[in-house]
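Here the structure comes first, spelled out in structure tokens, and everything after it is commentary.
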Amino acid sequence: SKKLVILETVFLLGLLGLTWSVRVYHLGVLVKPKITATRPEHLDDPSLPLWTKGEWIPKEKFGIHQLVVQGTPYERGLIAGHFVHSLMDQEEQELIDQFHHFFPHPLLQRLFSLAMIRWFWGIERYFDPWMIEEMAGVSEFSNPKYDDLIDPMTRQIVYHGLHEVGQMMVDQTGDDMGCTVAAIPVSKTKNWIIGRNFDFEGGRIFDRDKIMKWVFPEQGHAFVSVIWAGMVGVVTGVNDQGLYLSLNAAGTTDFARYGTPSTLIILKALQFTETAEQAAKLIAESPMFITDIFTVSDRTTGKLFRIEKSPKHTEILPLTDASIITNHLVSPYWKNDRINLFRENELTSHLRLARGEELLRILPETKDPTLNVLELLRDKGSHDGRPLHFGNRQAIDPLIATHSVIYHEPENILYVSSGPGVTGAFIGFDLKQSFQLRHPTLAEPQRAILPHDSRLTDQQWENVKEAARLETLAEKLIVAQHCAEAEGLLKKASELYEPSYTFFTAWGDLMKCHGELAEAKSAWNKALALHPAYPKEVRKLKLKIKELAP
């Protein structure tokens, strides 16, 4: 009968879909590479001689966790996993929680996972074998409770592509997590002082428990990077030759399905190049599948490059004057690129660039330009001469940095923020001594600390973040018409930190939920007066006010 035929067809299609899913999942699982080093039989043995090749110094000593690793790539991975596995577990939980937030239904989670596995099937060909070996060592310490998502080795590969996937989402949704770099030349030398904020909201652990990872490989140069537990790649780092590299997200319409994650390109440049020119050449020749901006400098030649790289094209721009780098491309090559124009005009990149360039013009000359770079990285923004509220995304410091660094090239000192964000003191490390002794070493006492932000206490920072969290929860309750619960949250938020456009936007939505339309309009006008960070937010507020007009 006709019904039977339909049932048979549905059954066969379902069976075909299931077979495809199993095949994708099976072939998408990365086969662990052949490791030349012998795997110790009992990795949980604390007396294992291998662990003497590494060192873990918790943040109680320096204010920032320190991890020292040496040996073969696989050994370095094992050592890192051994010392940081508890932090890795917490990070994975943070990331999985965010994944569940975006895809709350288990079926959607599984479908998305299968789609990503199929899409990035074979990407490991763009990882150098030694990179995969180090990841294999780290994966030995992954928590098995996440294996239902995918196996530990494949998760390591996936996590090293999160930057790429995240930037693809920014280009589609307009959610901004911008980074800012400031570079000021030192007048008496040919060198630079370079500062950078790395803005990322993957969970508080990425700020609270960031790690300075000191790597002493058997081949290539030693280097230090600011990373998170389990990370093999690099977003900010300096090697023993004084070569500095950092990464700023960008975007273009250029497309490539496969490529090497940007963090691994920086890793390779730090380990195997010595000068900015050599690093620029390596970056230009590396295949990528998203667009990024690399800041590259070295203290030997004093050269500084802004490298704008898409999957199909590279622009290497030498910098000779004090400069600001944000998240859109400035080379004429991309002047008409749709995605680049979107990032420049619809996100906060051009606002942070303009603010940074304004500060470069007005910051006073000091004996120590490091303090000017620090002041710039901590800038909370202004509009028409009036300060923005704390946490506004237009600011260079919108309170979302997971780490901030300043590299003083002439003195070969790397300063790293102790947190929270850019607010806490910056701790200075003598790189020459640290690399020679194979142990993190503070700079001389008079140079070892850059002071805490005088405008914001740690508690105030926490209050601003908590208020923002409560506002987000309140907005969700308002959408669900749970007005009374939302009002309770917003009152708590106002006690913590009220004068933000996000608060008054939510309060206006609450008043509308209560049917108090005049109060809603008044609150939305207050929100507009506090300079929403994104044009889309301004448009949305104006539309709400217009809809209430008689």
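The values are calculated or read from the model by the stated rules, or taken from the named source; none is laboratory data. Keep in mind that this is a model prediction, so the values were computed, not measured. Positions of Cβ are generated from backbone atoms using ideal geometry, with glycine treated the same way; all protein chains shown enter the neighbour counts. Accessible surface areas use protein heavy atoms only, side chains included; no ligands, DNA or RNA. Shrake-Rupley method; radii C 1.70, N 1.55, O 1.52, S 1.80 Å.
Tabulated data
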quantity: Residue among Gln446, Gln436 that alone is in a helix (DSSP H, G or I), loosely packed, with under 14 Cβ neighbours inside 10 Å and at pLDDT below 95; calculated: Gln446
quantity: Test: residue in the stretch 29-51 that is modelled with pLDDT under 95, closer than 30 Å to Phe426 by Cα and assigned to a helix (DSSP H, G or I); calculated: yes
quantity: Any hit, the stretch 453-463, residues being of a type in the set (Phe, Trp, Tyr), assigned to a helix (DSSP H, G or I) and open to solvent by less than 70 Å² (accessible area, probe 1.4 Å); calculated: yes
quantity: Number of positions in the stretch 260-289 that are more than 19 Å from the chain's Cα centre (by Cα), within 19 Å of Ala250 (Cβ to Cβ) and not in a helix (DSSP H, G or I); calculated: 2
quantity: Extreme residue, nearest to Thr366 (Cα to Cα), among residues of the stretch 175-198 that are out of contact with any Asp or Glu (no Cβ under 6 Å at 6 or more places or on another chain) and at pLDDT below 70; calculated: Asp176
quantity: Complete set of residues in the stretch 195-226 that are under 15 Å from Ile57 (Cβ atoms) and in a loop (DSSP other than H, G, I, E, B); calculated: Asp209, Lys210
quantity: Answer residue from the stretch 56-80, given it is β-branched (Val, Ile, Thr) and out of contact with any Ser or Thr (no Cβ under 7 Å at 6 or more places or on another chain) and is most open to solvent (accessible area, probe 1.4 Å) among those; calculated: Thr72
quantity: Residue within the stretch 399-420 that is under 22 Å from the mean Cα position of the chain (by Cα), farther than 20 Å from Ile57 by Cβ and among the acidic types (Asp, Glu) present; calculated: no
quantity: Cβ-Cβ under 6 Å pairs, at least 6 apart or on other chains, the stretch 528-543 side closer than 12 Å to Leu388 by Cβ, far side charged (D, E, K, R) and modelled with pLDDT under 95; calculated: Ala533/Arg393
quantity: Top-ranked residue in the stretch 87-109 [being polar (S, T, N, Q) and free of Cβ contacts under 8 Å to residues at least 60 places away in the same chain; ranked as farthest from Phe223 (Cα to Cα)]; calculated: Gln109
quantity: Identity of the residue in the stretch 466-499, within 24 Å of the chain's Cα centre (by Cα) and open to solvent by less than 50 Å² (accessible area, probe 1.4 Å), that ends up nearest to Pro398 (Cα to Cα); calculated: Ala468
quantity: Residue list for the stretch 512-544, restricted to those being open to solvent by 80 Å² or more (accessible area, probe 1.4 Å) and of a type in the set (A, V, I, L, M, F, W, C); calculated: Leu517, Leu543
quantity: Selection count where residues are in a loop (DSSP other than H, G, I, E, B), buried (at least 24 other Cβ atoms within 10 Å of the Cβ) and in contact (Cβ under 8 Å) with a residue 60 or more places away in the chain, scope the stretch 234-248; calculated: 1
quantity: Only listed residue being part of a helix (DSSP H, G or I) and more than 24 Å from Pro387 (Cβ to Cβ), chosen from Asn336, Asn340; calculated: Asn340
quantity: Residue identified as open to solvent by less than 30 Å² (accessible area, probe 1.4 Å) and among the aliphatic types (A, V, I, L, M) among Leu377, Leu371, Leu319, Leu341; calculated: Leu377
quantity: Tally, over the stretch 84-125, of residues that are out of contact with any Leu (no Cβ under 6 Å at 6 or more places or on another chain), open to solvent by 30 Å² or more (accessible area, probe 1.4 Å) and assigned to a helix (DSSP H, G or I); calculated: 25
quantity: Top-ranked residue of the stretch 290-304 - restricted to ones that are farther than 23 Å from Val215 by Cα and more than 21 Å from the chain's Cα centre (by Cα), ranked as most open to solvent (accessible area, probe 1.4 Å); calculated: Lys303
quantity: Enumeration of residues in the stretch 371-410 that are among the hydroxyl-bearing types (Ser, Thr, Tyr) and in contact with an Asp or Glu (Cβ under 9 Å, 6 or more places away or on another chain); calculated: Ser382, Thr402, Ser404
quantity: From Leu431, Leu388, residue being of a type in the set (A, V, I, L, M, F, W, C) and either without any contact (Cβ under 8 Å) to a residue 40 or more places away in the chain or open to solvent by less than 10 Å² (accessible area, probe 1.4 Å) (or both); calculated: Leu431
quantity: Positions within the stretch 137-154 being part of a helix (DSSP H, G or I) and in contact (Cβ under 8 Å) with a residue 60 or more places away in the chain, in sequence order; calculated: Gly137, Val138, Ser139, Met153, Thr154
quantity: Leading residue by the ranking (farthest from Val234 (Cα to Cα)) among those in the stretch 370-383 that are touching a His at 6+ places or on another chain (Cβ under 9 Å) and outside any helix (DSSP H, G or I); calculated: His383
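Rundown of residues vs (1) in a loop (DSSP other than H, G, I, E, B); (2) modelled with pLDDT of 95 or more, yes/no style:
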| position | (1), (2) |
| --- | --- |
| Leu329 | yes, yes |
| Glu344 | no, no |
| Gly356 | no, yes |
| Glu365 | yes, no |
| Arg393 | yes, no |
| Thr402 | no, no |
| Ile406 | no, yes |
| Leu414 | no, yes |
| Gly424 | yes, yes |
